[in-house]
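Q: Structure in structure tokens, see below.
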Amino acid sequence: MIKNGKQHVDSLRDGRQVFINGELAGDVTQHNAFRSSIQSIAGLYDFQSAPQNKELMTYVTDTKTVAHKMWHMATSYADLVDRRKALEAWAELSGGFLGRSPEHVASCITGMAMGISVFEEYNKDRAGALMDYYRYARDNDLYLTYVIINPQADRSKSAAGQTNEFLSAGIVDEDAEGLTIRGAKMLATGGIMANEVLVTCIQPLQPGEEKYAYSFVIPMNSKGLKLMSRKSYEQGADNVFDSPLSKRFDENDALIYFDDVKVPWDRVFVNQDVAMTLKQFHATPAHVYQNYQAQVRLMVKLRFLAGIAYRTAEMNGILNFPQVKETLGQLAAEVAMVEALVAAMEAKGKQTGPYFIPDRHTLYTAQVLTQQLYPKIVNTLRDLAGGGMIMLPSSILDFANPELNDLIMKTQQSPAAGSKERVKFYKLAWDAVGSEFGSRHTQYEMFYAGATFVTKGHSFRTYDWKRSTELLDKMLGSYDLDTELAKKKLGKAAE
């Protein structure tokens, strides 16, 4: 079933327990902290279900159902490119500002299913549960999020070393029905507007930490599941004109607490196995597939920010200044580099069994570089705008006051647009890079893939060092110490 927007919104009225500002939110689709962003997610589903987008966004599955291409297991380079075009089209609807839109965790589950042999070697029952769930989520067009990080607490200690052994969500019981989970996990980005959540751990675990080594999926309205929302930027945004991104694309983040939540066996993919918890990501295509999607989205987002930079120069009448052209040329090269890396992930991809997988090292290269690049681009936008992003009318109410409106028309001058258009543009630019929403996105892009030592470690691990050192050894082997020549030269020097 391919959902439309209304169907997705209706699916969120399920009694889930979301807390914000000291109270239970109730129907999240109507709450002013979440409803506009939920409507933006609904817009994704309306786009995919539109007849004119059917070929772009969907495919026919092996069981003859129709599904979004986020669930497609690419079997060739052409398949992968075709799938990317669907991911790209969805990202463009938010300018890339929905960082945990439905296709991210769908890509993770799909990658796990593509590596089903790894799960079968581990446990055939768990492998069966994974494949059954993949088809269920695909055929019901579910929006999944995940929580794969433990609460920070004392970061000098492992999950097992914390004062409370169930600060991080762990298994407290196992019986014929399934697992019982107690404790907290983060960072449920998009969780408030998702249908279900994948719960596992991507951080390294050690022997003795088996109670934290699991992988399962449950609905967001599961009994005992509590979501504690961070501050809502949407709620603080009064209207779309003043906060065009915050008001519509605040996907939110939440800490999830498991108050003895029961997880049935048909939803459990890994149970108390430290090695398999890591393998599910790195011995299957899961980690590559999910982060390839993230780079496609980021590629779109950087294009959007490049548009803000160019329009800023136009608005200020400085587009033809040599130093501005130099700045925009540098920015254009940086954005094009990310586009090229995405293309390279596809072009350098490899056939692994029946599937075609994006190139791992090119992916990790992109992660390392974009973690550094994103804040740099944000600062470039700030440099170009100067005070233009700040010295703006306080709100749309200023336009409704005839005296203030007259002043706005006189003072908000631009050679490229009228006063209202100038204010509209700079309100958006500020929301992208300077507002609380924009600042959160800078933090998100710098750390969603992990700390920099993590991404650099992936790059180190997957680079072809053998090829480089063989090239070095070939050069070293092309010459040697000529002792006779050295003696002759030394003899001549003595004469």
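The values are calculated or read from the model by the stated rules, or taken from the named source; none is laboratory data. Note that the coordinates shown come from a computational prediction; the quantities given were computed from them, not determined experimentally. Cβ: placed from backbone, ideal geometry, glycine included. Neighbour counts: every protein chain shown.
Q: With respect to SER215, determine if the residue is touching a residue at least 40 places away in the same chain (Cβ under 8 Å), touching a helix residue (DSSP H, G or I) at 6+ places or on another chain (Cβ under 8 Å) and under 30 Å from GLY457 (Cβ atoms).
A: yes
Q: If you don't mind, there's one more thing I want to ask. Only one of (1) farther than 21 Å from LYS279 by Cα; (2) out of contact with any strand residue (DSSP E or B) (no Cβ under 9 Å at 6 or more places or on another chain) fails for PRO204. Which number is that?
A: If we test PRO204 against (1) farther than 21 Å from LYS279 by Cα; (2) out of contact with any strand residue (DSSP E or B) (no Cβ under 9 Å at 6 or more places or on another chain), just (1) comes out false.
Q: Let me ask something else. Determine whether region 139-157 contains at least one residue that is aliphatic (A, V, I, L, M), assigned to a strand (DSSP E or B) and closer than 30 Å to THR58 by Cα.
A: Yes: region 139-157 contains one or more residues that are aliphatic (A, V, I, L, M), assigned to a strand (DSSP E or B) and closer than 30 Å to THR58 by Cα.
Listed here are the residues, each with its yes/no results for (1) out of contact with any His (no Cβ under 9 Å at 6 or more places or on another chain); (2) among the hydrophobic types (A, V, I, L, M, F, W, C); (3) part of a helix (DSSP H, G or I); (4) more than 20 Å from PHE249 (Cα to Cα).
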| position | (1), (2), (3), (4) |
| --- | --- |
| ALA42 | no, yes, yes, no |
| TYR45 | no, no, yes, no |
| VAL81 | yes, yes, yes, yes |
| ALA86 | no, yes, yes, no |
| ALA91 | yes, yes, yes, no |
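Q: Would you please list the contacts, defined by Cβ atoms under 8 Å and residues six or more apart or on different chains, that run from a residue in region 147-167 that is within 23 Å of SER229 (Cα to Cα) to a residue that is at pLDDT 80 or above and of a type in the set (Lys, Arg)?
A: VAL147/LYS185; ILE148/LYS185; ILE149/LYS185; ASN150/LYS185; PRO151/LYS185; PHE166/ARG182
Q: If you don't mind, another one. Quick one: is PHE47 farther than 23 Å from GLY96 by Cα, aromatic (Phe, Trp, Tyr) and out of contact with any Lys or Arg (no Cβ under 6 Å at 6 or more places or on another chain)?
A: When the stated conditions are applied, PHE47 does not pass them.
Q: What are the residues in region 217-247 that are over 21 Å from ALA25 (Cα atoms) and either of a type in the set (S, T, N, Q) or not assigned by TED's automatic domain parsing to the domain that holds ILE109 (or both), if any?
A: Hit for region 217-247 is SER243, nothing else.
Q: Is region 34-57 home to any residue that is buried (at least 22 other Cβ atoms within 10 Å of the Cβ), within 24 Å of ASN239 (Cβ to Cβ) and touching a strand residue (DSSP E or B) at 6+ places or on another chain (Cβ under 9 Å)?
A: Checked region 34-57: at least one residue is buried (at least 22 other Cβ atoms within 10 Å of the Cβ), within 24 Å of ASN239 (Cβ to Cβ) and touching a strand residue (DSSP E or B) at 6+ places or on another chain (Cβ under 9 Å).
Q: Any idea which of (1) buried (at least 20 other Cβ atoms within 10 Å of the Cβ); (2) assigned to a helix (DSSP H, G or I) is the one ARG100 doesn't satisfy?
A: In the conditions (1) buried (at least 20 other Cβ atoms within 10 Å of the Cβ); (2) assigned to a helix (DSSP H, G or I), ARG100 misses (2) alone.
Q: So which of ASP266, ASP250, ASP260 is on the phi > 0 side of the Ramachandran plot and in the same structural domain as ILE109 (by TED's automatic domain parsing)?
A: ASP260
Q: Further question: Go through region 102-115 and give me each residue that's in contact (Cβ under 8 Å) with a residue 40 or more places away in the chain and in contact with a helix residue (DSSP H, G or I) (Cβ under 6 Å, 6 or more places away or on another chain).
A: If the condition is that a residue be in contact (Cβ under 8 Å) with a residue 40 or more places away in the chain and in contact with a helix residue (DSSP H, G or I) (Cβ under 6 Å, 6 or more places away or on another chain), then GLU103, HIS104, SER107, CYS108, ILE109, THR110, GLY111, MET112, ALA113 are the ones that fit.
Q: In addition: If you check LYS488 against the conditions, is it surrounded by 11 or more Cβ atoms within 10 Å (Cβ to Cβ) and not assigned by TED's automatic domain parsing to the domain that holds GLN372?
A: yes
Q: Determine whether region 61-73 contains at least one residue that is loosely packed, with under 15 Cβ neighbours inside 10 Å, without any contact (Cβ under 8 Å) to a residue 60 or more places away in the chain and either outside the structural domain of GLY191 (by TED's automatic domain parsing) or farther than 24 Å from TYR136 by Cα (or both).
A: No, that holds for no residue.
Q: Next question, about the same structure. Could you list all residues from region 306-351 that are in contact (Cβ under 8 Å) with a residue 60 or more places away in the chain and either touching a strand residue (DSSP E or B) at 6+ places or on another chain (Cβ under 7 Å) or assigned by TED's automatic domain parsing to the domain that holds GLY95 (or both)?
A: GLY349
Q: Could you list all residues from region 262-314 that are buried (at least 22 other Cβ atoms within 10 Å of the Cβ) and more than 25 Å from the chain's Cα centre (by Cα)?
A: VAL263, ASN271, THR312
Q: Could you list all residues from region 133-188 that are among the small types (Gly, Ala, Ser) and within 14 Å of TYR212 (Cα to Cα)?
A: Residues satisfying the conditions are SER158, ALA159, ALA160, GLY161, SER168, ALA169, GLY170, GLY183, ALA184.
Q: Mind checking whether some residue in region 119-134 is within 20 Å of the chain's Cα centre (by Cα) and not aromatic (Phe, Trp, Tyr)?
A: Within region 119-134, none of the residues are within 20 Å of the chain's Cα centre (by Cα) and not aromatic (Phe, Trp, Tyr).
Q: When you go through GLY388, GLY317 one by one, which is the residue that is over 30 Å from THR284 (Cβ atoms), of a type outside the set (Ser, Thr, Tyr) and part of a loop (DSSP other than H, G, I, E, B)?
A: None of the others qualify; the one that does is GLY317.
Q: Please work out if ALA366 is in contact (Cβ under 8 Å) with a residue 12 or more places away in the chain and either closer than 30 Å to GLY115 by Cβ or exposed (fewer than 13 other Cβ atoms within 10 Å of the Cβ) (or both).
A: For ALA366, the condition - in contact (Cβ under 8 Å) with a residue 12 or more places away in the chain and either closer than 30 Å to GLY115 by Cβ or exposed (fewer than 13 other Cβ atoms within 10 Å of the Cβ) (or both) - is met.
Q: If a residue has to be in a helix (DSSP H, G or I) and touching a residue at least 12 places away in the same chain (Cβ under 8 Å) to count, how many in region 462-479 make the cut?
A: Number of matching residues: 1.
Q: Also: Given the options LYS325, LYS279, name the one that is charged (D, E, K, R) and closer than 25 Å to TYR136 by Cβ.
A: The conditions single out LYS279.
Q: Are any residues in region 388-437 of a type in the set (S, T, N, Q) and surrounded by fewer than 19 Cβ atoms within 10 Å (Cβ to Cβ), and if so, which ones?
A: SER394, SER395, ASN401, ASN405, THR411, GLN413, SER414, SER419 - these are the residues of region 388-437 that are of a type in the set (S, T, N, Q) and surrounded by fewer than 19 Cβ atoms within 10 Å (Cβ to Cβ).
Q: Can we say LEU179 is assigned to a strand (DSSP E or B), modelled with pLDDT of 95 or more and in the same structural domain as GLU103 (by TED's automatic domain parsing)?
A: yes
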